[in-house]
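Single-structure report; data block below.
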Amino acid sequence: MKYKEKYYQLHRTEMIENSKNHYRDYKQKHRQYTKKCQRKLKKWVVDKLGRKCARCGLISEFDCVYDLHHTKDSKAEKWRTSYLRFRFFVKWRKENNIPKGVFLLCSNCHRIIHMTKIE
Ligand SMILES: [Zn+2]
């Protein structure tokens with residue numbers, strides 16, 4: 001029997017346990033890292049769009065207050081999932097440009113606009 005196989009047989013449970021722990025830690029770290037990246041990108045987008053609600057003029061230091069609204073003719077139309085949205089953010093950051101038709105709104109105004117269906 002090869003040394004590797006022997007080693008595995010002797011330390012099987014330990015090795016499985018180790019890889020489980022490693023995966024769990026990695027998952028947690030990965031999640032934290034993605035969150036950090038997404039927050040950074042959101043901050044960039046909010047700052048780039050003037051950090052002010054386009055409807056009511058609300059100014060806030062908190063990025064979570066703001067939503068992005070886009071008109072139907074804007075190129076950012078297909079951002080149904082948060083993953084796709086962040087792909088757009090990455091692209092805009094790279095090009096240092098946000099396409100026309102994307103507006104910064106506070107979440108209240110965003111809801112009101114969608115309820116009344118005014119663009
Ligand atoms: Zn507003």
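All of the numbers you see were taken from the coordinates with simple rules; none came from a lab. Please read these numbers as outputs of a predicted model, since none were measured by experiment. Ideal geometry is used to build each Cβ from the backbone, glycine not excepted, and the neighbour counts take in all protein chains shown.
Structure values in brief
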item: Two-site FRET efficiency, Ile16 against Arg87, from Cβ-Cβ distance with R₀ of 22 Å, rounded to 0.05; result: 0.05
item: Paired Rg and Dmax values of the range 3-116, which use every Cα atom, in angstrom; result: 21.6, 71
item: Lys117-Lys94 FRET efficiency (beta carbon distance; Förster radius 25 Å; 0.05 resolution); result: 0.15
item: Packing rank of 32-40, 58-66, 3-11, 99-107, where each peptide gets the mean count of other beta carbons within 10 Å, highest leading; result: 99-107, 58-66, 32-40, 3-11
item: Simple label model, 7 Å out from Cα along Cβ direction - Asp47 to Glu61, nm; result: 1.5
item: Over the chain, relative contact order from alpha-carbon pairs under 8 Å, at least 6 apart, %; result: 28
item: Extension reserve of the Lys36-Tyr3 stretch, reckoned as 0.36 nm per residue once the Cα distance is removed; result: 7.6 nm
